[in-house]
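Reviewing the structure listed below.
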Amino acid sequence: MLLVGMLDSPYVRRAAVTATLLDVPVEHRSVSVFRHMDEFRAINPLIKAPSLVTDAGTVISESLLIIQHFEDVAGRSLRPVESAARERDLALTGIAIVAADKAVAIEYERKRPEAQRYAPWQERIVTQLHTALDLLDAAAKEGALSAGPELLPCDIAAAIAWGFCRFVIPDVAPAERWPALAAQAAACEALEVFKTWPIDRE
Ligand SMILES: N[C@@H](CCC(=O)N[C@@H](CS)C(=O)NCC(=O)O)C(=O)O
């Protein structure tokens, strides 16, 4: 299987870390959706990262679906089995994905020429990001997010979303404002599986 996309994408990185934890072997190709558009388009005309090319040659977009395919191949999932824990994981994973979505939106807004930026929209997405980070920090503080020993999807998603914020928009995500989340993410980043898929490999 071939996972396509750069590891500075929180979606690509989440998929890569999950594949390793599920023991699903993936080859990784670091192709940029911006700098290598033609190369990306040849793999997936949608030019979305991550893209997965399965062993059968099928192209799958969207990280959640790619992870679902990894689970199908592995015959297991990283989600807890017990229903309350499972629900909590789904809720926290969703919050972490929203955090990543909003951080990406903030980064993309910054690509616009100054005159084409719309301040009320920028304020909205920063507020949404901060709300998501508040919720993740509270979860980390009460121990609902951790760095293992068994990593859950929410642990992975939260740590990766936080790492992405610190990497691309550190000015709107100061570490001292969300210390429990920052500590949880730092503990995850120290793990071998996170080091295998570093955010800044390229
Ligand atoms: N919901 C998607 C989001 C993926 C996404 O937005 N990826 C960005 C890179 S971080 C991308 O492909 N951007 C180019 C574009 O949207 O045209 C997922 O979970 O895979």
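The values are calculated or read from the model by the stated rules, or taken from the named source; none is laboratory data. Worth saying up front: this structure is predicted, and the values here are computed from it rather than measured. Because the Cβ atoms are built from the backbone with ideal geometry, glycine has one as well, and the counts that use them run over all protein chains shown. These area figures cover heavy atoms from the full protein model, side chains too; ligands, DNA and RNA do not enter into them. Shrake-Rupley method; radii C 1.70, N 1.55, O 1.52, S 1.80 Å.
Which percent of the accessible heavy-atom area of segment 83-196 goes to carbon and sulfur, probe 1.4 angstrom? Mind dumping the intermediate values first?
Numbers: 3220 of 5680 Å².
Looking at segment 83-196 in its full context, I get 57 percent from C and S.
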Legend entry - Accessible area (Å², 1.4 Å probe, nearest 10) - THR20: 50
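Looking at segment 16-98, which chymotrypsin sites (Phe, Trp or Tyr not before Pro) are DSSP coil and have at most 14 other C-beta atoms within 10 Å of their C-beta? Show your work: numbers first, answer last.
Details: sites: PHE34, PHE40, PHE70; in loops: PHE34.
For chymotrypsin sites (Phe, Trp or Tyr not before Pro) across segment 16-98 that sit outside H, G, I, E and B with at most 14 neighbouring Cβ atoms in 10 Å, the list reads PHE34.
Calculate, for the chain, the solvent-accessible area per residue in square angstrom, rolling a 1.4 angstrom probe over the heavy atoms of the protein chains. Write out the running numbers ahead of the final one.
Working: 10110 Å² over 202 residues.
Each residue of the chain exposes 50 Å² on average to a 1.4 Å probe.
Output the antiparallel fraction of DSSP beta bridges having both residues in the chain, as a percent to the nearest 5. Spell out each step's value before the answer.
Values: 6 of 9 bridges.
For the chain, the DSSP antiparallel bridge percentage is about 65.
When only DSSP loop residues count, what chymotrypsin sites (Phe, Trp or Tyr not before Pro) in segment 102-197 have their Cβ near at most 16 other Cβ atoms within 10 Å?
Numbers: sites: TYR108, TYR118, TRP121, TRP162, PHE164, PHE167, PHE194; in loops: TYR118.
Within segment 102-197, the qualifying chymotrypsin sites (Phe, Trp or Tyr not before Pro) (loop, at most 16 other Cβ atoms within 10 Å) are TYR118.
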Inset, instruction - For the chain, return all DSSP H helices satisfying: extent of Cα atoms along own axis at least 18 Å; mean Kyte-Doolittle hydropathy at least -0.5. - result: 83-109, 119-141, 153-168
Legend entry - For segment 46-202, diffusion coefficient by Stokes-Einstein and Kirkwood Rh (Cα), 4 °C, 1.567 mPa s, µm²/s: 77
Inset, instruction - Give the cross-link partners of LYS111 among the lysines, using a straight C-alpha distance below 19 Å as the criterion and excluding same-chain residues fewer than 8 apart. - result: LYS48, LYS102
